[in-house]
Amino acid sequence: MTVSESDRLHSQLSRYEDMFPGHRIELVEGAIMMSPLKPTHNATIWALWTTLKAQLSDDWGFLSDVAVPFDGDNEFCPDLAVIPEAEVVKNLSAYPPDLIELAVEVVSPSSIRNDYEVKDRAYARRGIPHYLIFDPYKAQCTTLWNPGPDGYRGRDVIPYGGTVVVESGIGKLSVDTSGLPVDPSAVS
C-alpha cells in the first residue's frame with residue numbers, strides 16, 4: 001500500500017468515526033470493523049494509562065485509538081500503545097507499528113477474535129515485543145511476548161486481582177489488576 005492509498009483509507013475510516021460516535025473503527029483483515037465502546041472499556045484504558053505513565057521515563061509516551069497501518073488489510077487503533085515520546089509529539093494521524101514497544105487492547109464484545117487472534121499474529125509478525133489483552137468480561141489479563149511469525153510464543157493469563165509484570169526493553173512495568181473494572185456481565 002502506498003502512502004497516498006494509506007492516507008485515502010485513513011480519511012475514509014475517519015469519516016466513519018464521525019458518522020458512528022461511540023464506536024472504534026478499524027480495518028481488520030480487509031473489513032471495516034466497528035466496536036461499540038462501554039464505560040468499562042474507557043475506565044480500563046485510563047487506569048492503565050495512569051498506572052503505566054507513572055512507571056515510564058519521559059522518553060516514552062502513549063497513543064490511544066490512533067491509526068497504526070500494518071498492511072493493506074489491517075489498520076489497527078490500539079487502545080494503548082507505548083512509543084517514543086519524540087514521535088508522539090509529532091501529532092500524526094497514523095504511526096508505523098515499528099515504533100510500538102508495548103501494545104494494549106481492552107476486549108469489547110465485538111473485538112474478541114480480533115484482540116485474541118488477529119492482533120496476536122499481526123503484532124507478533126511486526127515484532128512488537130509485548131502485547132497485553134485486558135478482558136473485563138473474563139476478569140483477566142493475557143500477557144504475550146516473544147513475537148514470532150505465527151503469533152507470540154510466550155503467554156500467561158493473570159486473573160484480575162493479581163499483578164501483571166512485563167519485563168520490557170523500557171524497564172519493568174507492573175499493573176495491579178485488583179482495581180480494574182469488571183463488566184457486570186462477567187462470568188465469575
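No lab work stands behind these numbers, since they all come straight from the coordinates. The structure presented is a predicted model; accordingly, all values stated were derived computationally and were not measured. Cβ coordinates were reconstructed from backbone atoms using ideal geometry, including for glycine residues, and neighbour counts include every protein chain displayed.
Starting from the Cα gyration tensor of the range 38-179, multiply each eigenvalue by 5, take the square root, and state the resulting semi-axes largest first in whole Å.
Numbers: eigenvalues 81, 65, 47 Å².
Over the Cα atoms of the range 38-179, the ellipsoid semi-axes are 20, 18, 15 Å.
What is the magnitude of the charge dipole of the range 38-179 about its Cα centre, with +1 placed on the Cβ of each Lys and Arg, -1 on the Cβ of each Asp and Glu, and no other charges, expressed in debye to the nearest 20?
Details: 12 positive and 20 negative charges, 60 e Å.
Using only the charged Cβ atoms, the result is roughly 300 debye.
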How much length is gained if the chain between ALA86 and ALA54 is pulled fully straight, taking 0.36 nm per residue apart and subtracting their Cα-Cα distance, in nm to one decimal? 9.7 nm
Using the basic label-point model (7 angstrom from Cα toward the beta carbon), what is the ASP156 to LEU99 distance in nanometres? 3.0
From phi via Karplus (6.51, -1.76, 1.60), per-residue ³J(HN,Hα) for the range 55-64 in Hz, x at Gly/Pro: 9, 9, 6, 5, 6, 10, x, 10, 10, 9
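Suppose R0 equals 22 Å. What FRET efficiency, 1/(1 + (r/R0)^6) with r the Cβ-Cβ distance, do TYR137 and SER168 give to the nearest 0.05? Let's see the in-between values first.
Values: r = 26 Å, r/R0 = 1.19.
For TYR137 and SER168, the calculated efficiency is 0.25.
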Ranked from fewest to most other Cβ atoms within 10 Å of their own Cβ, SER178, SER108 fall in the order SER178, SER108
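How would the range 39-113 be classified by its alpha-carbon gyration tensor: rounded, prolate or oblate, with rounded meaning a/c under 1.5 and the a/b versus b/c comparison settling the rest? It would help to have the intermediate numbers written out before the result.
On the way: a/c = 2.15, a/b = 1.07, b/c = 2.02.
Note, shape of the range 39-113 comes out oblate.
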What does the charge count around TYR152 come to, taking other residues whose C-beta lies under 12 Å from its C-beta (Lys +1, Arg +1, Asp -1, Glu -1)? +2
When the charge dipole of the range 38-179 is computed with +1 at the Cβ of Lys and Arg and -1 at the Cβ of Asp and Glu, the Cα pointing farthest to the positive end, of GLY171, LEU144, ASN74, is that of LEU144
